[in-house]
Amino acid sequence: MAGQNHADTLHNSDDLALIKRRHASLGGSILFYKEPAHIVRGKGIWLFDNKEKRYLDCYNNVASVGHCHPRVVEALTQQSATLNIHTRYLHENVVNYTEHLLSTFPEELNVVMMTCTGSEANDLAMQLARMVSGNNGAVVMENSYHGNTCLVSQLSTCLGSGNKQSDYVASVEPPNSYRGSFRADQRLSDRQLSQKYANLVDKEIQTLENNGHGVAAFLCDTIFDTQGGLVAPKHYFKQVYKKIRAAGGLCIADEVQAGFGRTGKMWGFEHFDVVPDIVTLGKPMGAGHPVAGLVTTRAIADEFAKRSFYFNTFGGNCVSALVADTVLSIIEQEKLIEKCAQVSVYLREKLLLLQDKYPLIGNVRGLGMFIGIELVRDRKTLEPAQEEALTIAELMKREGVLLGVTGRLGNVIKVRPPLIFSKENADELIDKLDLALREIA
């Protein structure tokens, strides 16, 4: 879906001129679709382009409470009109928010550190882990993404050959029970799958120790977005956490995407009966406003503070804190987590009916409102249907539905709408996906 040159596919001359201007002035300028969507307005679950075409947004998890939610807009504009300044003055907003945020976590996790982006949050989490553990190494997933700072880009193994992996990074096979080394169709139980995938971490721990780095942290996105939206076996994280902690490392849950209700629980790690040492946050935290952070224990925060100094000019400023607090209140008061859990079950049931109808759909999986639809050309060989996935994304855009494509093989349709997604929205998605599948069948 991403590309640089749209001259051969774009028919709107005005948009082509804008794209040329964009490429001329913006570094790393990447756009979705052969004919990029020129989005100018959003409201609720809908996005509108410059021709007033309406799109059902099944992709954007950042505006988690819906695009331009009136309460978020009011909080942002009123506080911006009153005071917007750096974080080194006393202000109620950030204290109110951190107290509110901590009320959603297990009691062991009782300290917040604020940043502006998820990349910064993961970077800071690794700094804490290295300082507290005394080690330098990190265990991450193959094809992982955790951000774009100098440090976490090294931990983002999906970034390709241009980003050479350092010897303080060890990447482990993700727990893919559909096409991985250990699969559900091998008649392995959930506990056996958990154990077999967790045991793969042993080799990576040993590699880091042999390289002289030891293990500072295990960093993992709890919904495995770049691996194709996987659902880990129930006991996987518990067993991995035990191994990492025995090696002297900390366990970091990257909840930048999974957090704030996306999975049908407030935090993705809650599905796996574990408590991480550090949880990183971002994306939906401000419903489009750049605010992020991490939550950790008092012991870890105090140990870090003894030997280092942290501040962030804009992280946790009075505008960002009020916006984030408003978003959290909306999630709670509008019962969006409960709604997400209910509607996601309904949507998956409908997708499974499509799977019965179309052999192209090899697997449907996900937690809450983060669903992966893996496309294969052959259900026995699992040959990935990458071109078909891209084609479906284009056809769905034509029909007024925005979706994503993800996974190491680029063959997984990603459904990740705002949490206000309804059963009626699900029906529209299914109807149009049915048409797209029929067209390429």
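The values are calculated or read from the model by the stated rules, or taken from the named source; none is laboratory data. Keep in mind that what you see is a predicted model, and the values were worked out from it rather than measured. Glycine gets a Cβ as well: all are built from the backbone with ideal geometry, and neighbour counts include every protein chain shown.
Results, tabulated for the structure shown:
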| read-out | value |
| --- | --- |
| Given (1) under 14 Å from F272 (Cα atoms); (2) without any contact (Cβ under 8 Å) to a residue 40 or more places away in the chain, index of the condition A246 fails | (1) |
| Residue list for the range 212-257, restricted to those being buried (at least 23 other Cβ atoms within 10 Å of the Cβ), in contact with a strand residue (DSSP E or B) (Cβ under 7 Å, 6 or more places away or on another chain), in a loop (DSSP other than H, G, I, E, B) and among the small types (G, A, S) | G228, G229, G249 |
| Given (1) under 26 Å from S119 (Cβ atoms); (2) crowded, with 18+ Cβ neighbours inside 10 Å, index of the condition S166 fails | (2) |
| Where A299 falls short, out of the listed (1) closer than 22 Å to H271 by Cβ; (2) over 24 Å from the mean Cα position of the chain (by Cα); (3) aliphatic (A, V, I, L, M) | (1) |
| Subset of the range 169-213 [free of Cβ contacts under 8 Å to residues at least 60 places away in the same chain, under 24 Å from the mean Cα position of the chain (by Cα) and farther than 19 Å from H235 by Cβ] | V169, A170, S171 |
| Enumeration of residues in the range 78-91 that are under 20 Å from Y310 (Cα atoms) and either modelled with pLDDT of 95 or more or surrounded by fewer than 13 Cβ atoms within 10 Å (Cβ to Cβ) (or both) | I85, R88, Y89, L90, H91 |
| Matching helices (runs of 4 or more DSSP H) fully within the range 45-163 where at least 3 residues are among the aliphatic types (A, V, I, L, M) and assigned by TED's automatic domain parsing to the domain that holds P276 | 70-82, 92-102, 118-133 |
| Extreme residue, nearest to T297 (Cα to Cα), among residues of the range 83-136 that are small (G, A, S) and over 19 Å from the mean Cα position of the chain (by Cα) | A129 |
